[in-house]
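Engineer: Take a look at this one; I'll ask things after.
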Amino acid sequence: QIFNQHNAEAPNLEQAFHRMAQMEPNLDHDVSWFLLPSYWAKMVVALISFLCFANSYDGDFVFDDSEAIINNKDLRAETPLGDLWYHDFWGSKLSSNTSHKSYRPLTVLTFRINYLFAGGFYPVGFHVINIILHCTISVLMVDVFSILLGGLQFSNKGRRLNLAPKSSLLAALLFAVHPVHTECVAGIVGRADLLCALFFLLSFLGYCKAFKENKEGHMFSVFWVLVSVVLGAIAMLCKEQGITILGLNAVFDALVINKINLLELIRKLLYKDKSLENAGLLRKGLLFRITLLMCGGAGILYIRWRIMGTGPPAFTEVDNPASFADSLFVRAINYNYYYSLNAWLLLCPWWLCFDWSMGCIPLIKSVSDWRIIALAALWFCLIGLICQALCSEDSHKRRILTLGLGFLIIPFLPASNLFFRVGFVVAERVIYLPSIGYCILFTYGFSLLSKQAKKKKILAVAVLGILLINVMRCALRSSQWRSEEQLFRSALSVCPLNAKVHYNVGKNLADKGNQSAAIKYYREAVRLNPKYVHAMNNLGNILKERNELHEAEELLSLAVQIQPDFAAAWMNLGIVQNSLRRFEEAEQSYWTAIKHRKKYPDCYYNLGRLYADLNRHIDALNAWRNATVLKPEHSLAWNNMIILLDNTGNLAQAEAVGREALELIPNDHSLMFSLANVLGKSQKYKESEALFLKAIKANPNAASYHGNLAVLYHRWGNLDLAKKHYEVSLKLDPMAPGTKENYNLLRRKLEQLQKKGG
């Protein structure tokens with residue numbers, strides 16, 4: 001468990017190790033900031049991070065939450081827990097061609113626990129956990145920044161010392177209140193980034209514990225190195241970025257534990273200097289620890305590769321247009337422009353958007369594009385920082401800049417498109433971990449300015465102002481994430497060229513019944529992206545409902561022409577063709593939809609309606625039966641089967657189907673109503689009456705329910721009750737077909753009875 005160095009230098013190295021930061025400049029000397037005890041510093045960070053995002057606690061499920069949580073069967077108790085290890089983040093099988101290969105089983109497990117404890121899809125519990133996670137991470141950042149900015153040193157009692165209390169507090173506050181974190185905290189799917197960050201930091205702190213000297217005088221603990229590898233693996237099972245902590249641990253080991261001068265090391269490697277052993281590479285077991293980290297990382301990646309399969313994720317051009325560009329030059333230029341946008345979001349997180357794809361950022365196709373300036377500025381700054389990190393004579397400066405750049409760049413690498421194509425252009429959530437590096441560089445820059453400034457208090461007030469502005473921006477952005485309407489509309493001013501933004505605003509309006517406004521946004525989405533098949537499908541649906549069938553057909557035909565395997569568009573095209581009485585084409589469209597999506601109950605239902613219109617009753621019943629097999633709670637399919645069997649005189653079969661349906665969906669009042677009609681015709685009046693009354697109790701304002709119950713009483717001879725329910729039915733719907741005639745017949749009969757009685 002404990003690795004022991006056996007050489008004559010060990011005692012001197014151990015003493016030097018405990019004094020590793022003693023002779024170095026202390027960053028806090030130059031920082032004009034508050035000095036608080038560690039406990040109070042963490043309390044302040046926790047409180048402020050909570051205030052930033054507290055107003056998101058009662059928000060809805062928004063945007064990707066629907067797919068990752070509401071529509072994800074892996075959250076439900078009936079799904080075996082073992083399936084989580086073979087499904088992606090969205091609940092699809094990893095082996096599927098449509099899987100995004102986002103393997104985050106531990107995150108999905110926390111969603112499942114949330115769902116079970118809440119007893120359903122209630123978003124408050126999900127949001128509260130996210131807020132708690134961010135507060136916990138922000139508190140841990142105080143310890144992490146104290147090590148990264150002040151170095152790693154332990155007291156004689158083995159307690160880690162905070163050598164930069166003011167700097168670590170400032171950096172932790174910058175991290176806690178950064179508005180770019182809103183997506184991770186206020187958006188429930190951001191749980192993946194939060195959990196990844198939590199175990200990422202625990203892995204780093206665990207690695208630091210490996211260098212806590214024990215009583216026997218050993219130099220480091222293999223146990224804690226292995227613990228850090230395991231925690232890194234857990235971080236990766238929460239989100240893919242987690243694996244990068246192993247590389248950062250190695251960088252930290254080389255720079256802080258071994259104090260390696262990278263430039264000097266490179267020179268010695270190039271010139272094959274025989275004094276390489278004294279450069280720190282072989283001291284203190286560095287190579288052994290790096291070997292453990294590399295083996296652990298390779299093992300983790302291999303296991304993930306075996307589970308995930310060898311196929312790459314399935315993305316489309318609209319997700320990441322630069323990655324589909326034919327020209328290597330265009331790809332390289334645009335990737336670098338994306339990096340500059342990410343850097344700008346860290347520097348100035350004012351323009352935030354839930355989605356940056358679909359034309360939000362047009363491709364740069366030539367060097368004459370003015371946006372080249374942005375990536376030139378990025379590389380000018382990066383090269384300047386790298387030169388300072390490598391060439392500065394100040395070892396303290398070299399260490400902090402290298403660690404800052406390391407934490408800025410290395411966690412971002414999985415999202416960089418360098419190793420594999422990613423499914424987004426810019427995503428604020430992937431900057432959660434790289435913002436650690438930004439906070440290090442900002443704090444170090446602040447210390448340099450403080451050192452030069454004559455009026456340090458003014459500088460401190462300026463930084464305090466930045467923090468306050470960020471807190472307000474976080475609160476504002478959190479409120480926008482509370483509902484889809486606010487979230488989608490907030491993006492219109494940031495990304496007006498993003499077709500997906502207009503699509504989502506339109507979809508939200510359509511869901512609320514505002515079809516006229518929805519059409520406007522769907523049309524704009526199609527204008528911005530003429531190949532946006534989902535916008536065409538939704539627009540075609542609305543036009544179909546408004547009986548604008550010919551334009552609906554044009555849109556849906558174009559959608560399936562662009563994407564021939566778009567099953568939903570084929571089904572909707574079939575519905576339109578059926579309405580246009582082009583039955584053969586409609587049937588062909590339905591079967592094409594089923595070919596591309598074999599388990600498609602709604603399509604079988606619509607196919608059954610087509611067959612019913614054509615009086616192909618057996619085919620209709622078979623289609624509806626298929627719908628109920630695929631989706632046992634498909635009420636409309638059950639209802640149509642009962643009604644068709646009833647209308648064709650198959651009362652016994654209709655009754656059997658009705659009873660089967662009510663066993664599966666016992667509280668469906670429409671099924672009660674249909675079965676009650678069948679039982680009434682079979683002269684099972686008492687049972688029919690009970691079902692009618694139960695249906696009316698569930699839906700008291702349905703005129704047909706009262707009207708048919710009145711007919712039952714009329715047949716049964718309960719004329720007073722029949723009169724009562726005829727009158728209720730006519731009050732609810734004066735134009736109800738047949739009810740008025742039946743009511744008049746009943747009145748004449750009652751009048752005749754009165755005359756006879758008189």
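The values are calculated or read from the model by the stated rules, or taken from the named source; none is laboratory data. Worth saying up front: this structure is predicted, and the values here are computed from it rather than measured. Glycine gets a Cβ as well: all are built from the backbone with ideal geometry, and neighbour counts include every protein chain shown. With ligands, DNA and RNA removed, areas are computed over all heavy atoms of the protein, side chains included. Shrake-Rupley method; radii C 1.70, N 1.55, O 1.52, S 1.80 Å.
Engineer: Scan segment 453-490 for residues that are modelled with pLDDT of 90 or more, among the small types (Gly, Ala, Ser) and assigned to a loop (DSSP other than H, G, I, E, B) and report the count.
Structural biologist: Filtering segment 453-490 down to residues modelled with pLDDT of 90 or more leaves 461-490.
This time we only want the ones that are among the small types (Gly, Ala, Ser), so: 462, 465, 475, 478-479, 483, 490.
Filter again for assigned to a loop (DSSP other than H, G, I, E, B), leaving 483.
Adding up the residues that qualify gives 1.
Engineer: Also: Out of Gly285, Gly299, I need the residue that is over 33 Å from the mean Cα position of the chain (by Cα) and either modelled with pLDDT of 75 or more or part of a helix (DSSP H, G or I) (or both). Which one?
Structural biologist: Details: Gly299 fails: over 33 Å from the mean Cα position of the chain (by Cα).
It is Gly285.
Engineer: Looking at Asn12, Asn7, can you tell me which residue is modelled with pLDDT under 75 and either in a helix (DSSP H, G or I) or surrounded by 15 or more Cβ atoms within 10 Å (Cβ to Cβ) (or both)?
Structural biologist: Working: Asn7 fails: either in a helix (DSSP H, G or I) or surrounded by 15 or more Cβ atoms within 10 Å (Cβ to Cβ) (or both).
On inspection, the qualifying residue turns out to be Asn12.
Engineer: To continue, here is another question. Could you check segment 286-305 and list, in sequence order, the residues that are closer than 18 Å to Leu255 by Cα and in contact with a Leu (Cβ under 9 Å, 6 or more places away or on another chain)?
Structural biologist: Within segment 286-305, Leu287, Leu292, Leu293, Met294 qualify.
Engineer: On to the next question. Among the residues of segment 496-513, write down those that are loosely packed, with under 15 Cβ neighbours inside 10 Å and either among the β-branched types (Val, Ile, Thr) or over 19 Å from Gly359 (Cα atoms) (or both). I'd like the intermediate steps shown before the answer.
Structural biologist: At the first step, the residues of segment 496-513 found to be loosely packed, with under 15 Cβ neighbours inside 10 Å are 496-497, 511-513.
Matches in segment 496-513: Asp511, Lys512, Gly513.
Engineer: Let me ask another. List pairs: first residue in segment 225-242 and in contact (Cβ under 8 Å) with a residue 24 or more places away in the chain and within 20 Å of Ala210 (Cα to Cα), second residue surrounded by 24 or more Cβ atoms within 10 Å (Cβ to Cβ) and among the basic types (Lys, Arg) anywhere in the structure, Cβ distance under 9 angstrom, at least six positions apart or on different chains.
Structural biologist: Cβ pairs passing all conditions: Val225/Arg289.
Engineer: Restricting the search to segment 326-353, which residues are open to solvent by less than 40 Å² (accessible area, probe 1.4 Å), farther than 23 Å from Ser490 by Cβ and touching a residue at least 60 places away in the same chain (Cβ under 8 Å)?
Structural biologist: Result: Tyr335, single match.
Engineer: Just the residues that are over 19 Å from the mean Cα position of the chain (by Cα) and either closer than 24 Å to Gly232 by Cα or free of Cβ contacts under 8 Å to residues at least 60 places away in the same chain (or both), please, taken from segment 94-125. Spell out the reasoning first.
Structural biologist: Filtering segment 94-125 down to residues over 19 Å from the mean Cα position of the chain (by Cα) leaves 95-97, 116-119.
Once the filter is applied, which keeps residues that are over 19 Å from the mean Cα position of the chain (by Cα) and either closer than 24 Å to Gly232 by Cα or free of Cβ contacts under 8 Å to residues at least 60 places away in the same chain (or both), segment 94-125 yields Ser96, Leu116, Phe117, Ala118, Gly119.
Engineer: How many residues are touching a residue at least 12 places away in the same chain (Cβ under 8 Å) and in a helix (DSSP H, G or I) when one looks only at segment 661-670?
Structural biologist: Total meeting the criteria: 5.
Engineer: List, please: which pairs have Cβ atoms under 7 Å, are six or more places apart or on different chains, and start with a residue in segment 685-698 that is more than 16 Å from Leu719 (Cα to Cα) and touching a residue at least 24 places away in the same chain (Cβ under 8 Å) and end with one that is assigned to a helix (DSSP H, G or I) and small (Gly, Ala, Ser)?
Structural biologist: Ser688/Ala676; Ser688/Gly680; Ala695/Ala676
Engineer: Does Ile260 count as touching a helix residue (DSSP H, G or I) at 6+ places or on another chain (Cβ under 7 Å), closer than 24 Å to Ala298 by Cβ and at pLDDT below 90?
Structural biologist: Numbers: touching a helix residue (DSSP H, G or I) at 6+ places or on another chain (Cβ under 7 Å): yes; closer than 24 Å to Ala298 by Cβ: yes; at pLDDT below 90: yes.
Yes, satisfied.
Engineer: Could you tell me whether Ile69 is at pLDDT 90 or above and open to solvent by 40 Å² or more (accessible area, probe 1.4 Å)? Steps first, please.
Structural biologist: Working: at pLDDT 90 or above: yes; open to solvent by 40 Å² or more (accessible area, probe 1.4 Å): no.
Spelling it out, it is not the case that Ile69 is at pLDDT 90 or above and open to solvent by 40 Å² or more (accessible area, probe 1.4 Å).
Engineer: Let me ask you something else. Would it be correct to say that Leu385 is within 22 Å of Val318 (Cα to Cα), modelled with pLDDT of 90 or more and either in contact with a strand residue (DSSP E or B) (Cβ under 8 Å, 6 or more places away or on another chain) or open to solvent by 30 Å² or more (accessible area, probe 1.4 Å) (or both)?
Structural biologist: no
Engineer: Against the definition (touching a Leu at 6+ places or on another chain (Cβ under 8 Å), open to solvent by less than 20 Å² (accessible area, probe 1.4 Å), hydroxyl-bearing (Ser, Thr, Tyr) and over 15 Å from Phe673 (Cα atoms)), how does Tyr743 come out, yes or no?
Structural biologist: Against the criterion (touching a Leu at 6+ places or on another chain (Cβ under 8 Å), open to solvent by less than 20 Å² (accessible area, probe 1.4 Å), hydroxyl-bearing (Ser, Thr, Tyr) and over 15 Å from Phe673 (Cα atoms)), Tyr743 does not qualify.
Engineer: Among (1) over 30 Å from Ile147 (Cβ atoms); (2) open to solvent by 30 Å² or more (accessible area, probe 1.4 Å), where does Ile466 come up short?
Structural biologist: Going through (1) over 30 Å from Ile147 (Cβ atoms); (2) open to solvent by 30 Å² or more (accessible area, probe 1.4 Å) one by one, Ile466 breaks only (1).
Engineer: Further, regarding this structure: Do we have Gly91 as open to solvent by less than 40 Å² (accessible area, probe 1.4 Å), within 23 Å of Glu484 (Cα to Cα), more than 15 Å from the chain's Cα centre (by Cα) and not basic (Lys, Arg) here?
Structural biologist: no
Engineer: Restrict the check to segment 207-216 and report whether at least one residue is under 22 Å from Tyr302 (Cα atoms), assigned to a helix (DSSP H, G or I) and modelled with pLDDT of 90 or more.
Structural biologist: No - not one qualifying residue is present in segment 207-216.
Engineer: For segment 714-740, how many residues meet the condition of being over 17 Å from Tyr685 (Cβ atoms), hydrophobic (A, V, I, L, M, F, W, C) and open to solvent by less than 60 Å² (accessible area, probe 1.4 Å)?
Structural biologist: Matching residues across segment 714-740 total 3.
Engineer: May I ask you to list the residues in segment 238-249 that are crowded, with 20+ Cβ neighbours inside 10 Å and either in a loop (DSSP other than H, G, I, E, B) or not acidic (Asp, Glu) (or both)?
Structural biologist: Those that are crowded, with 20+ Cβ neighbours inside 10 Å and either in a loop (DSSP other than H, G, I, E, B) or not acidic (Asp, Glu) (or both): Cys238, Lys239, Gln241, Gly242, Ile243, Thr244, Ile245, Leu246, Leu248, Asn249.
Engineer: Additional query: Examine segment 520-529 for a residue that is open to solvent by 40 Å² or more (accessible area, probe 1.4 Å), in contact (Cβ under 8 Å) with a residue 60 or more places away in the chain, in a helix (DSSP H, G or I) and among the aliphatic types (A, V, I, L, M), and state whether such a residue exists.
Structural biologist: yes
Engineer: Can you say whether Ala192 is open to solvent by 10 Å² or more (accessible area, probe 1.4 Å) and either small (Gly, Ala, Ser) or assigned to a loop (DSSP other than H, G, I, E, B) (or both), as far as the supplied structure shows?
Structural biologist: no
Engineer: Residues of segment 422-449 being aromatic (Phe, Trp, Tyr) and under 15 Å from the mean Cα position of the chain (by Cα), which ones?
Structural biologist: If the condition is that a residue be aromatic (Phe, Trp, Tyr) and under 15 Å from the mean Cα position of the chain (by Cα), then Phe424, Tyr432 are the ones that fit.
Engineer: From Ser416, Ser450, Ser493, which residue is open to solvent by 60 Å² or more (accessible area, probe 1.4 Å) and at pLDDT below 95?
Structural biologist: From the options Ser416, Ser450, Ser493, the qualifying one is Ser493.
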